[in-house]
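What follows is one structure encoded as structure tokens, with my remarks underneath.
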Amino acid sequence: MANHEVELTKKGCEQAIEAGKKLHSLIGKESVYVYMGQYKRSKETWSYIRKSFSPLQIITDREDSRLREQEFGNLSDLTKLPEVIQERDRLGHFFLSFFMW
């Protein structure tokens, strides 16, 4: 399964709910502008967080392709780098990105 299709775990859902409560305690009744990445779990995280806010508080929630993860774990075993590069070529650079120095 491609990384961008991985769903939140049960623990991730619970953490997102708690994050929503914490954010609401900090923000109160102020307006909320949300920008999230395009990964499935980013959108799922927001779906849980938003439950802590009134719909009237949420001015915008939109995806922004510039917000994304780096897959540093793909470089943990450099002997597998050729396989990782093939996988990146198969999935596309957007969905499998890592820093090369």
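The values are calculated or read from the model by the stated rules, or taken from the named source; none is laboratory data. Values in this document were obtained by computation on a predicted structure and should not be read as measured data. Note that we place each Cβ from the backbone using ideal geometry, even for glycine, and neighbour counts take in every protein chain shown.
Structure values in brief
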| read-out | value |
| --- | --- |
| Answer residue from segment 30-41, given it is crowded, with 18+ Cβ neighbours inside 10 Å and within 15 Å of residue 5 (Cβ to Cβ) and is modelled with the highest pLDDT among those | 41 |
| Of residues in segment 60-76 being at pLDDT below 70 and touching a helix residue (DSSP H, G or I) at 6+ places or on another chain (Cβ under 9 Å), the one nearest to residue 46 (Cα to Cα) | 71 |
| Sole residue being modelled with pLDDT under 80, outside the structural domain of residue 15 (by TED's automatic domain parsing) and under 13 Å from the mean Cα position of the chain (by Cα), chosen from 95, 99 | 95 |
| Matching residues, segment 1-60, being closer than 30 Å to residue 84 by Cβ and of a type in the set (A, V, I, L, M, F, W, C) | 1, 2, 6, 8, 13, 16, 36, 46 |
| Qualifying residue in segment 8-27 (condition: modelled with pLDDT under 95 and surrounded by 16 or more Cβ atoms within 10 Å (Cβ to Cβ)) | yes |
